[in-house]
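Some notes on the structure that comes next.
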Amino acid sequence: MKVLVIGGGGREHTIVWKLSQSSKVDKIYCCPGNAGISEIAECINIDDNNFEAVADFVKYEGIDLTIVGPEAPLSKGIVDVFEKNGRKILGPNSKAAQLEGSKVFSKDLMRRYGIPTAEYKVFTSYLHAEDYVRMKGAPIVIKADGLAAGKGVIMAKTVDEAIAGLKLIMKDRAFGEAGNRVVVEECLDGEEASFMAFTDGKTILPMVSSQDHKRVFDGDQGPNTGGMGAYSPAPVITPEIESVIMEKIMRPTVNGLQSEGIKYKGVLYAGLMIRDNKPYTLEFNCRLGDPETQPVLSRLKTDLTDIALAIADERLSAINLEWKPEVSVCVVAASKGYPGAYEKGKVIKGLDDAGKLDDVIVFHAGTAFNKNKIVTAGGRVLGVTALGKDIKDAKEKAYKAIEKIHFSGMHYRKDIADRAIKRQ
Ligand code: AMP
Ligand code: GLY
């Protein structure tokens, strides 16, 4: 079968790598892909905002299945276009993707179905929002309603910071229309974890848990990033907590949407805060996490095409997810300046040496070819991932591998997975 993957980051390299191991897959295309992806898939350059053009390509090439990586095409309705054309695609349609595309939509849904989350209020008026922030005090969290490339959440330690955040979103319109409404919410403390599941709108199959590292520097210091590393499983998610997540968060979300006429099909990702052994939902994403996909899919034994086709045909109950017993750690190498403005075009050395090590996979994120050299082309450049018998073993292998890689300005966290190791 022929499969197309939409996207060009570390998550998509992992999806393509996983597909490349399937005996059922003859050919993989990726739009737009990256240097690492181009070694195992044909990278194509169609405007991925032009869904009709992508659907035409799929028809012309006889592609049997499309898997969407990032949230933007899902929110903008790529699945709606494919379904209209009778093409199989993994991901929720635009109505279901509002779960990630609108914080107001997802918070209101959580309220309607009693899903545990932080207390909140929605504002369209700057003055009312400011009054509320002054009344509540700090710490407090300010969120732009719409997609803001991961930058629309302001964790304010003081009332002044909160007000500056409100101004940025509502007055300066830093995120454009995404800031038409804001959610002002209670700040929760605890330990964060990521919980992803496959669903066809009826059956929900949980994946193994994982934990991201959002801050750029060791010890969770510095600004938020897309994620500087991840490991799987997250020991903070005990089997007891997992059943609470399934019963009190995942099931009511899928059923709640269903009862409102929205069928959620694809990957449902809950970003969680675990406080006093209880899970609270910080956010929903409508796709696989990045970098969580790297450690999670590298542990998946089941053929991804079987899962995706079962979701498309709404027979996921027939699938049994199987996982490798090894655990996994992914360390992200980033460009100088990231998560701010960053350098590009730096030659990357040592990729082959790192990739040759046992149990190591070097997933590319922001990479490209310059003539025959692989160069940096994004903020997050690589996700060096290793499997091991325990987290410490996987961490050691991942760091041994990343130490073989070099590009000018490269930086990475040295403490990925330390929290999990301390728990053991
Ligand atoms: P979100 O996009 O809503 O997940 O927010 C991005 C990040 O901000 C989360 O991963 C958390 O680190 C943090 N965050 C969001 N909401 C809260 C909250 N209510 N309390 C504490 N941290 C939060
Ligand atoms: N790693 C967080 C995300 O994918 O949203």
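The values are calculated or read from the model by the stated rules, or taken from the named source; none is laboratory data. This structure is a prediction, so every number in the text was calculated from the model and none was measured. Heads up, the Cβs are rebuilt from the backbone with ideal geometry, glycines too, and the neighbour counts pull from every protein chain shown. Protein only, heavy atoms only, side chains kept; ligands, DNA and RNA dropped before computing areas. Shrake-Rupley method; radii C 1.70, N 1.55, O 1.52, S 1.80 Å.
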Can you tell me which of 284, 217, 195 moves the most in a GNM of the chain? Springs connect C-alpha atoms under 10 Å apart.
217
With +1 on the Cβ of every Lys and Arg and -1 on the Cβ of every Asp and Glu, the dipole magnitude of the range 19-83 about its Cα centre, in debye rounded to the nearest 20, is 160
Going toward the positive end of the dipole of the chain, with +1 on Lys and Arg Cβ and -1 on Asp and Glu Cβ, which of 30, 239, 258 do you reach last?
30
What aspartates and glutamates does residue 356 reach when the alpha-carbon gap must be under 20 Å and sequence neighbours fewer than 8 apart in one chain are set aside?
39, 326, 393, 396, 403
Assuming 0.36 nm per residue, please report the length gained on full extension of the stretch residue 224 to residue 411 beyond their Cα-Cα distance.
65.8 nm
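Relative contact order of the range 1-155: what whole-number percent is it, with Cα pairs under 8 angstrom and at least 6 residues apart? The partial results should precede the final answer.
Working: 217 pairs, mean separation 25.4, N = 155.
Taking the mean separation of contacting Cα pairs over the length of the range 1-155, I get 16 percent.
What does the helix-only formula give at 222 nm for the chain: each DSSP H stretch with n ≥ 4 adding -39500 (n - 2.57), the total divided by the residues, and the result rounded to the nearest 500 deg cm²/dmol? Can you show the working numbers first?
Numbers: 15 runs with 121 residues, N = 424.
Helices in the chain give a 222 nm mean residue ellipticity of -7500 deg cm²/dmol.
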Placing +1 on each Lys and Arg Cβ and -1 on each Asp and Glu Cβ in the range 39-92, then taking the dipole about the Cα centre, the residue among 44, 63, 92 whose Cα reaches farthest towards the positive end is 92
List the pair-distance distribution P(r) of the range 134-193, using every Cα-Cα distance, as the percent of pairs falling in each 5 Å bin from 0 up to the bin containing the longest distance, rounded to whole percents.
4, 21, 29, 23, 15, 6, 1
Under 17 Å from the Cα of residue 400, which aspartates and glutamates turn up, not counting those fewer than eight places away in the same chain?
352, 353, 358, 359, 390, 415, 418
For the table 18/404; 18/59; 336/392; 84/265, the rows whose alpha-carbon distance is greater than 26 Å are 336/392
Using +1 on the beta carbon of Lys and Arg, -1 on that of Asp and Glu, and nothing else charged, what's the dipole of the range 108-251 about the Cα centre, debye to 20?
480
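Taking a probe of 1.4 Å, how large is the accessible area per residue of the chain, in Å²?
Per residue, the chain has 41 Å² of solvent-accessible surface.
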Which percent of the accessible heavy-atom area of the chain goes to carbon and sulfur, probe 1.4 angstrom?
48
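Please report the relative contact order for the chain, taking Cα pairs under 8 Å with a sequence separation of at least 6, and give it as a percent rounded to a whole number.
Answer for the chain is 16 percent.
Pairs of Cα atoms under 8 Å, at least six residues apart: use those to get the relative contact order of the range 122-242, whole percent.
Numbers: 201 pairs, mean separation 24.3, N = 121.
Computed over the range 122-242, the figure is 20 percent.
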Beta carbons within 10 angstrom, averaged per residue: use that to sort the peptides 221-230, 11-20, highest first.
11-20, 221-230
May I ask you to list, by number, the DSSP H helices of the chain whose Cα span along the axis is at least 27 Å and whose average Kyte-Doolittle hydropathy reaches 0.5 or more?
none
Sticking with the crude label model, points 7 Å out along Cα→Cβ, report the distance from residue 306 to residue 389 in nm, one decimal please.
2.8
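Can you run the Rg to Rh ratio on the chain? Use alpha carbon positions and the Kirkwood inverse-distance Rh. All intermediate terms of the calculation are to be shown ahead of the outcome.
Details: Rg = 20.7 Å, Rh = 21.8 Å.
Expressed as Rg/Rh, it is 0.95.
Listed here are the pairs 88/263; 397/422; 2/344; 103/151; 143/248; 103/263; which of them are more than 21 Å apart at the Cα?
2/344; 143/248
If we count every other residue with Cβ under 13 angstrom of residue 248's Cβ, Lys/Arg +1 and Asp/Glu -1, where does the sum land? Present the calculation step by step, with values, prior to reporting the outcome.
Values: positive: 251, 278; negative: 240, 242, 247.
Computed value for this residue: -1.
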